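Enquirer: Handing you this structure, nothing more for now.
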Amino acid sequence: MSERDERRTVRKAVIPAAGQGTRFLPATKAMPKEMLPVVDTPAIQYIVEEAVRAGLTDVLMITGRNKRPLEDHFDRNVELEAGLEAKGDKTKLARVQESTDLAQVHYVRQGDPKGLGHAVLVAEQHVGDEPFVVLLGDDIVDARDPLLDAMIEVRERLGGSVVAFMEVPEDQIHLYGCAVAEPTDVEDVVKVSGLVEKPAREEAPSNLAIIGRYLLDPAVFAVLHETPPGKGGEIQLTDALQVLAQGEGPGHGVHGVVFRGRRYDTGDKLDYIKAVVRLASEREDIGSELREWLADYVAKGAGAPR
Ligand code: G1P
């Protein structure tokens, strides 16, 4: 074990991936939405890579029906590898093997999906009595902006759970969990005193929106067992965090890290396309050609309805 491994206080990542992805039909009729390519890499691979960069090499995916391609993606593809090896195509071979060697990936099925809180509860047995990180697949966080490291540092200093926030315009807050929070003596670290899932614009207590990264104390499991269905009839993680934020005792207390880095939303069609364009524009292989084409396309009045 390296020195970094020995010091590590958080080792496990949980990735809920049981959703049906209906916003991307018909693409998601026979394929999990997590496998949609962002440039040439499935969205889910970015998420696992982010977890691994923060030292979380034990990954549990919460899956469901039609999610077999996820397991195949993180497993070896012996035939493909043998073919590439025979051709001596080392570059492509490395691309194929990347996802296999990343982490130890485990799978458990959610059965009857009853919300994000329920998905986290399904992880209870695997996680046990350790703090763990939940990563939602719709948010890709840029590798250059290490959000999880900042969250782990806050947990090490202050204990309890840590949620990632971003500031959003008023007319978007109804799409997110929203926080009541006060500043601390550290910039962009806040103390959370309340949370509400997807409030109406006029009821939102702030502009702090939960983005899909949570570092949870295992105390969350006991709370989730008692959490009744909330918004949309689903068991909401936000509701359990509200209890942890307001209660006292072991494992209670919630802090937030306000993220100001680069984040790509792949949750709906328009944002997904923006994410692909932004990431492709920065790529060494195709970036400069794409940027040139885009500039030309826009200059010629692209986007005018036909
Ligand atoms: C979930 C959470 C919400 C959070 C959001 C972040 O909602 O319930 O609190 O703000 O993820 O992406 P969903 O987008 O799954 O409806």
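Enquirer: Looking for whichever is within 12 Å of the ligand (Cβ to nearest atom), within 27 Å of residue 171 (Cα to Cα) and surrounded by 14 or more Cβ atoms within 10 Å (Cβ to Cβ) here; the options are 267, 194. Which one fits?
Expert: On inspection, the qualifying residue turns out to be 267.
Enquirer: Considering only region 277-289, how many residues are among the hydrophobic types (A, V, I, L, M, F, W, C) and open to solvent by 40 Å² or more (accessible area, probe 1.4 Å)?
Expert: 2
Enquirer: Six or more apart or on different chains, Cβ atoms under 9 Å: show the pairs whose first residue is in region 1-30 and modelled with pLDDT under 85 and whose second is open to solvent by less than 60 Å² (accessible area, probe 1.4 Å).
Expert: Listed by first residue and then by second, the contacts come to 4/55; 5/55; 8/55; 8/56; 8/152.
Enquirer: Quick one: how many residues across region 181-227 are touching a Lys or Arg at 6+ places or on another chain (Cβ under 7 Å) and among the β-branched types (Val, Ile, Thr)?
Expert: Qualifying residue count, region 181-227: 2.
Enquirer: Go through (1) closer than 30 Å to residue 232 by Cα; (2) open to solvent by 70 Å² or more (accessible area, probe 1.4 Å); (3) polar (S, T, N, Q) for residue 63 and report which single condition fails.
Expert: That leaves (2) as the condition not met.
Enquirer: Report, by residue number, each residue of region 203-222 that is away from the ligand (no atom under 14 Å from the Cβ) and surrounded by fewer than 22 Cβ atoms within 10 Å (Cβ to Cβ).
Expert: Correct list: 203, 218, 219, 221, 222.
Enquirer: Look through 173, 152, 211 and report the one residue that is farther than 22 Å from residue 51 by Cβ, within 21 Å of the chain's Cα centre (by Cα) and not aromatic (Phe, Trp, Tyr).
Expert: 173
Enquirer: Regarding residue 47, is this residue among the β-branched types (Val, Ile, Thr) and assigned to a helix (DSSP H, G or I)?
Expert: Against the criterion (among the β-branched types (Val, Ile, Thr) and assigned to a helix (DSSP H, G or I)), residue 47 qualifies.
Enquirer: Identify, please: which residue in region 84-131 is within 16 Å of the ligand (Cβ to nearest atom) and in a helix (DSSP H, G or I) and is, among those, surrounded by the most Cβ atoms within 10 Å (Cβ to Cβ)?
Expert: Of everything passing the filter in region 84-131, 119 is surrounded by the most Cβ atoms within 10 Å (Cβ to Cβ).
Enquirer: Also, quick follow-up: Suppose we filter 152, 173 for residues that are open to solvent by less than 30 Å² (accessible area, probe 1.4 Å), more than 16 Å from the ligand (Cβ to nearest atom) and either in a strand (DSSP E or B) or in contact (Cβ under 8 Å) with a residue 12 or more places away in the chain (or both); which single one remains?
Expert: 152
Enquirer: Can you tell me which of (1) at pLDDT below 95; (2) in contact with a strand residue (DSSP E or B) (Cβ under 9 Å, 6 or more places away or on another chain); (3) not charged (D, E, K, R); (4) not in a helix (DSSP H, G or I) is the one residue 232 doesn't meet?
Expert: (4)
Enquirer: If residue 261 passes every condition in (1) in a loop (DSSP other than H, G, I, E, B); (2) within 14 Å of the ligand (Cβ to nearest atom); (3) under 26 Å from residue 294 (Cα atoms) but one, which one does it miss?
Expert: (2)
Enquirer: Right, next: Which one of 134, 168, 162 is within 16 Å of the ligand (Cβ to nearest atom), at pLDDT 95 or above, farther than 21 Å from residue 14 by Cβ and open to solvent by less than 20 Å² (accessible area, probe 1.4 Å)?
Expert: Of 134, 168, 162, the one residue that is within 16 Å of the ligand (Cβ to nearest atom), at pLDDT 95 or above, farther than 21 Å from residue 14 by Cβ and open to solvent by less than 20 Å² (accessible area, probe 1.4 Å) is 168.
Enquirer: Just to be sure, is residue 200 more than 10 Å from the ligand (Cβ to nearest atom), more than 22 Å from residue 34 (Cβ to Cβ), among the small types (Gly, Ala, Ser) and in contact (Cβ under 8 Å) with a residue 24 or more places away in the chain?
Expert: yes
Enquirer: Where the second residue is within 9 Å of the ligand (Cβ to nearest atom) and in a loop (DSSP other than H, G, I, E, B) and the first is small (Gly, Ala, Ser) and lies in region 229-243, which pairs have Cβ atoms under 9 Å and are six or more apart or on separate chains?
Expert: Pairs that qualify, where the first residue is small (Gly, Ala, Ser) and the partner is within 9 Å of the ligand (Cβ to nearest atom) and in a loop (DSSP other than H, G, I, E, B), are 230/115; 230/236; 232/115; 232/198; 233/115.
The values are calculated or read from the model by the stated rules, or taken from the named source; none is laboratory data. All of these numbers come straight from a predicted model, not from anything done at the bench. Backbone-built Cβ (ideal geometry, glycine too); neighbour counts: all protein chains shown. Each accessible area value is taken on the protein alone, full model and side chains, heavy atoms only, with ligands, DNA and RNA left out. Shrake-Rupley method; radii C 1.70, N 1.55, O 1.52, S 1.80 Å.
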